[in-house]
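Engineer: Pasting a structure below so you can have a look.
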Amino acid sequence: MGILVNARMTVHRFVSNRTVVKSGSVYEEVYCSKCKIQGVRQKMSDYIEVLSTGSSEAFVFCDGGYRQPVHVKVIECEECSTNPSYANIQPDTVHRTVRPPNRCTLDSEGVWVLGADEVPIKLVRGEYVQYKEKFEQFLNTKGL
């Protein structure tokens with residue numbers, strides 16, 4: 001049995017591929033139009049059994065389903081030394097993420113934070129890690 005996903009509550013955009021009648025049961029083969037995962041849905045059911053997730057990263061970060069972390073910790077930044085807008089973006093600094101500016105989209109390629117001039121700038125994957133304050137505090141109390 002694969003992963004069960006509620007079709008009404010998921011961010012995936014499932015599209016019917018074909019309807020199959022087999023051994024007296026009717027089900028529908030579906031796929032996500034964004035990340036291409038495949039699954040089956042029993043007729044009259046809200047749940048889809050995901051059969052093939054392809055890349056687990058594609059499944060989790062489906063364009064319709066990416067959730068931006070609240071805080072990120074910068075690990076490296078190429079623009080930091082050359083662009084004055086990145087003056088406050090230095091390794092080991094923590095920043096709260098913000099909404100993308102107009103005509104830009106939220107995607108799994110990076111996050112938006114406020115630059116030195118209070119204008120949103122994008123950090124791309126590899127330049128940051130998700131910062132989980134409570135976990136960091138736990139590690140500090142354990143001396144790790």
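Engineer: ³J(HN,Hα) across the range 28-40 via Karplus (A = 6.51, B = -1.76, C = 1.60, θ = phi - 60°), whole Hz, x for Gly/Pro?
Structural biologist: Running phi through 6.51 cos²θ - 1.76 cosθ + 1.60 with θ = phi - 60° gives 10, 8, 10, 8, 7, 5, 8, 9, 6, 5, 10, x, 10 Hz.
Engineer: Please get the size of the charge dipole for the range 71-136, origin at its Cα centre, with Cβ charges of +1 on Lys and Arg and -1 on Asp and Glu, quoted in debye to the nearest 20. Show your work: numbers first, answer last.
Structural biologist: Working: 8 positive and 11 negative charges, 64 e Å.
Dipole magnitude for the range 71-136 comes out near 300 debye.
Engineer: Another one. Output ³J(HN,Hα) for the range 86-95: one whole-Hz value per residue in order, computed from phi by the Karplus curve 6.51 cos²θ - 1.76 cosθ + 1.60 with θ = phi - 60°, and x for Gly and Pro.
Structural biologist: Couplings: 9, 4, 8, 9, 10, x, 6, 9, 10, 9 Hz.
Engineer: With r defined as the distance between the Cβ atoms of Leu106 and Ile3 and R0 fixed at 30 Å, what FRET efficiency is calculated, to the nearest 0.05?
Structural biologist: Details: r = 24 Å, r/R0 = 0.80.
The calculated FRET efficiency here is 0.80.
Taken together, the values in this text are just the output of simple stated rules run on the coordinates, not laboratory data. Just so we're clear, the structure is a prediction, and the values are computed from it rather than from any experiment. No Cβ is skipped: glycine too gets one built from the backbone with ideal geometry, and neighbour counts run over all protein chains shown.
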